Every structure is written in C-alpha cells, then in structure tokens.
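Engineer: Structure in structure tokens, see below.
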Amino acid sequence: MPSRQEKARRQRLVKALARPQPPFPLEALVALFRHLDKLWNESDGACDNKLTQTRLHLAAAGFAPDEVASTLEWLVSEGGGCDCEVLANVADRWVPDYDATEWWFDAREC
C-alpha cells in the first residue's frame with residue numbers, strides 16, 4: 001500500500017498531466033520568465049498592464065505570428081494577463097525547482 005507521501009505525489013502528477021501544456025518547449029518558457037524578470041528589475045517594477053514585453057520577446061525568439069498568438073492565449077489561460085502577471089501567476093507553476101528568492105520579481109508589487 002502506498003504511503004501518504006506517495007499518494008500526494010501521484011495526485012500532483014495527475015493534476016499536472018490534466019492541465020493544458022504550453023504550446024512550446026519548456027526551455028522557451030523559462031527563457032521568457034528570465035527575460036521578464038530582468039526587465040522587471042531594470043524598470044523598478046513598471047508594468048503597462050499588457051503583454052507588451054512578452055509579445056516582443058516571443059517575436060525576437062523567432063516565434064511565428066500564429067505561435068505568438070497561441071502562446072499569449074495559453075499564458076492568459078494560466079493567469080498571465082500582463083507581463084507582471086506572467087511572472088506572478090505562471091512562473092511558479094512551470095519553472096522546474098522555482099525558488100522565488102532567485103528572482104528579482106516580487107508578486108506583491110504586481
């Protein structure tokens with residue numbers, strides 16, 4: 001019989017598999033988070049309440065217009081309605097071994 005910890009681990013795996021997966025490689029998602037985090041630090045936490053920097057980063061990373069659109073839709077569905085919300089609501093769910101102390105971004109300021 002599985003232990004409580006094993007049952008909890010299995011439940012987390014089932015939930016992770018049930019949620020919509022990003023429409024691009026995880027490495028590209030982590031690169032986006034790092035880029036937005038750097039900009040957050042450089043701008044003293046300024047956000048235009050849009051996905052401006054996210055859109056620019058994806059285009060610069062070589063995403064085709066339809067890929068940018070599907071990625072933005074996915075980010076919004078995950079709670080990322082603007083650049084700072086991408087960090088506040090999406091990063092901790094998708095970055096392996098996410099540790100908020102390693103990031104400049106502070107979700108309380110979003």
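The values are calculated or read from the model by the stated rules, or taken from the named source; none is laboratory data. What you see is a predicted model, and the numbers here were worked out from it, not measured in a lab. Cβ placement follows ideal geometry from the backbone for every residue including glycine, while neighbour counts extend to all protein chains displayed.
Engineer: Within the range 22-90, which helices (runs of 4 or more DSSP H) (wholly inside it) include 3 or more residues that are touching a residue at least 12 places away in the same chain (Cβ under 8 Å) and out of contact with any helix residue (DSSP H, G or I) (no Cβ under 7 Å at 6 or more places or on another chain)?
Structural biologist: The helices (runs of 4 or more DSSP H) meeting that bar are 26-42, 65-77.
Engineer: Would you mind finding the one in L56, L36 that is at pLDDT 85 or above, among the aliphatic types (A, V, I, L, M) and surrounded by 15 or more Cβ atoms within 10 Å (Cβ to Cβ)?
Structural biologist: L36
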